[in-house]
Every structure is written in C-alpha cells, then in structure tokens.
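Here is the structure we will look at.
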Amino acid sequence: MIDQVRPNQVNEWLAAQAAPRALVLDVREPWELQTASVQPDGFELLAMPMASIPARLAELPADAAIACLCHHGGRSQQVAMFLARQGFGRVANIAGGIEAWARERDPAVPRY
C-alpha cells in the first residue's frame, strides 16, 4: 500500500520517515514544469518525467524518502507503486497533485 499524503502533510510525512534525504519527485512533463512548479521547502525537488524513470532509476537515492508529485495524482501514484516494486521502502503519493498543492498549500502556484 502506497501512503497517500496531502500537500500540507508532505513535510511531516518526509520527516517521519527518518531517511537521510527527503525528496519530492515531480514526474510531470517539462511543459508542465514551466507552467507550474513547487518551491523546495524542507525537501529536495527532483524533476524526472514519468516515462524516463525506468532508465534513470539509478539517479534516485535508495535511502531517501520520496514523495511523488504530478498534476492530479494519477501518474505519481503509478510511479510510487513502480518505485516500491523496485525496492524503494519510503515512498508516498502526493494526493491531488500540484492542483491540490495550489489549492491547499501555496496559492501562488498556477493552476492549469
């Protein structure tokens, strides 16, 4: 089961994992990142489009707590499940994606 974390709970979830690194993995496409992005606040931010993740898996720190982010939460859920199957032990989905992030955490983030 993949943890579902609301945007306002991301930092709390990451801290609770007691991992050496806290990472938000944004799996949206480059054009989406140009449209709207989150600002790192207590976590590292890494952008890696969903389709590129299998080939770039070695770039992800295996000991990190990783919260996955997309537009509404569907792609990030798939990525989180993939990472869990690959042995990543601290993985969550940011429920509602950047859309919820803009509504619940940072209204300065553009909605699209």
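At 0.692 mPa s and 37 °C, plugging the Kirkwood radius over alpha-carbon pairs of the chain into Stokes-Einstein gives what diffusion coefficient in µm²/s? Each step should come with its number before you reach the end.
Numbers: Rh = 13.6 Å.
D = 242 µm²/s.
What number comes out for accessible area per residue over region 1-65 if the probe is 1.4 Å? Units Å², please. Show your work: numbers first, answer last.
Details: 3540 Å² over 65 residues.
On a per-residue basis, 54 Å².
Quantify, in whole percent, the carbon and sulfur part of the accessible surface of the chain (1.4 Å probe; protein heavy atoms only).
On the way: 2880 of 5490 Å².
Taking all protein chains in place, the chain shows 52 percent carbon and sulfur surface.
Calculate the all-directions average of the projected area of region 1-56's alpha-carbon convex hull, and give it in nm².
Numbers: hull surface 19.2 nm².
Hull-based average projected area comes out at 4.8 nm².
In terms of modelled amide H atoms, which long-range or inter-chain residues lie less than 5 Å from the amide H of Glu44?
For Glu44, the qualifying residues are Ala22, Leu23, Val24.
Computed FRET efficiency, Cβ-Cβ of Ala108 and Ala16, R0 35 Å: what is it to the nearest 0.05? Write down the numbers at each step before the final one.
Values: r = 26 Å, r/R0 = 0.76.
Working from the Cβ atoms, E equals 0.85.
Between Met81 and Ala47, what length in nm is gained on full extension when 0.36 nm per residue of separation is reduced by their alpha carbon distance?
Working: separation 34, 0.36 × 34 = 12.24 nm, distance 1.75 nm.
Difference between extended and current length: 10.5 nm.
The values are calculated or read from the model by the stated rules, or taken from the named source; none is laboratory data. In this text, all values refer to a predicted model and were calculated from it rather than measured experimentally. When we count neighbours, we look across all protein chains shown, and the Cβ atoms used for this are built from the backbone with ideal geometry, even at glycine. Note: areas computed on protein heavy atoms with side chains; ligands, DNA, RNA excluded. Shrake-Rupley method; radii C 1.70, N 1.55, O 1.52, S 1.80 Å.
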